[in-house]
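Visitor: Sending over a structure as structure tokens; questions will come in a sec.
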Amino acid sequence: EDVPELLRHHVDLLVDGEGLAFRRFSVAAQNRLRNYPWPGNVRELRNLVKRLLFLGGAEEISLAEVEAQIRACVVELVTTRGLAKPGAHEAVTHARAQGLSLAIASSSSMEIIQAVVRRLGLEDAFDQLVSAEHEVNGKPDPAVYLSAARALGTAPAACIAIEDSTNGLKAAQI
């Protein structure tokens, strides 16, 4: 709830203290940041504000700019600290040994999906990588699962989903 005040505070500090150009956050950008689960808390928010001010642009920081920076932050975290969930490599290896086609059907952007797959050394493990970023609705809507089944050339009823989230489980129940 205090994100708009924190944004103003950090913008003021960075403009006054580091001579960066003043920019303000659009209401949509503020709302997105208000709903983001900050992994590094206030420090991470400050770093995001600093990057956006440093990059410059229009006086108003748009939702699209914020989304791009959030994706960049997530990709950086995945690339430097990402770890597989216990049993993930074994499950993928076992499914491959059984001759199954594999896809990732994720609500994450393709950029993040690819960073995860690279970090975990699973570049060749999946037949398809499918992101919900271009679907009308993300999970729990089943659209990304339907797209993944279509990309695999498999009927959705013949697919098995392995999920790590409640919304994912709901989406998989096609």
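Visitor: Using DSSP to call loops (not H, G, I, E or B), can you name the chymotrypsin sites (Phe, Trp or Tyr not before Pro) in the range 5-90 whose Cβ has at most 13 other Cβ atoms within 10 angstrom? Walk me through the numbers before you get to the answer.
Guide: Working: sites: F22, F25, F54; in loops: F22.
Those that pass, being in a loop and sparsely packed, are F22.
Visitor: Which value, to two decimals, describes the C-alpha radius of gyration of the range 9-63 once divided by 2.2 N^0.38 Å? Each step should come with its number before you reach the end.
Guide: Details: Rg = 10.9 Å, N = 55, 2.2 N^0.38 = 10.1 Å.
So the range 9-63 has a normalised radius of gyration of 1.08.
Visitor: Right, next: Give the lysines whose C-alpha is closer than 22 Å to that of K50, dropping any in the same chain fewer than 8 places away, or say none.
Guide: Output for K50: empty list, no partners.
Visitor: List the lysines whose Cα sits under 17 Å from the Cα of K170, skipping any in the same chain fewer than 8 residues away.
Guide: Answer for K170, where 17 Å is the Cα cut-off: K139, listed by chain and number.
Visitor: How far is it, in nm, from the label point at T80 to the one at W38 when both lie 7 Å from their Cα along the line to the Cβ?
Guide: In this crude label model, T80 to W38 measures out at 1.8 nm.
Visitor: For the range 66-142, compute Rh as the Kirkwood radius over C-alpha pairs and then the Stokes-Einstein diffusion coefficient at 37 °C and 0.692 mPa s; write the answer in µm²/s, rounded to an integer. Before the final figure, lay out the partial values.
Guide: Working: Rh = 13.5 Å.
In µm²/s, the coefficient rounds to 243.
Visitor: Starting from the Cα of F22, step 7 Å along the direction of its Cβ; do the same at D141; then give the gap between the two resulting points in nm.
Guide: 4.0
Visitor: Select one label from [x] 28, 18, 14; [y] 24, 21, 15; [z] 37, 17, 13: the one whose number is semi-axes √(5λ) of the Cα gyration tensor in Å as derived from the coordinates shown.
Guide: [z]
Visitor: Sticking with this one: Calculate, for the range 63-140, the solvent-accessible area per residue in square angstrom, rolling a 1.4 angstrom probe over the heavy atoms of the protein chains.
Guide: Per-residue value: 60 Å².
The values are calculated or read from the model by the stated rules, or taken from the named source; none is laboratory data. Not measured: the values here are computed from a predicted model. Note that each Cβ is placed from the backbone with ideal geometry, even for glycine, and that neighbours are counted across all protein chains shown. Heavy atoms of the whole protein, side chains included, go into the accessibility calculation; ligands, DNA and RNA do not. Shrake-Rupley method; radii C 1.70, N 1.55, O 1.52, S 1.80 Å.
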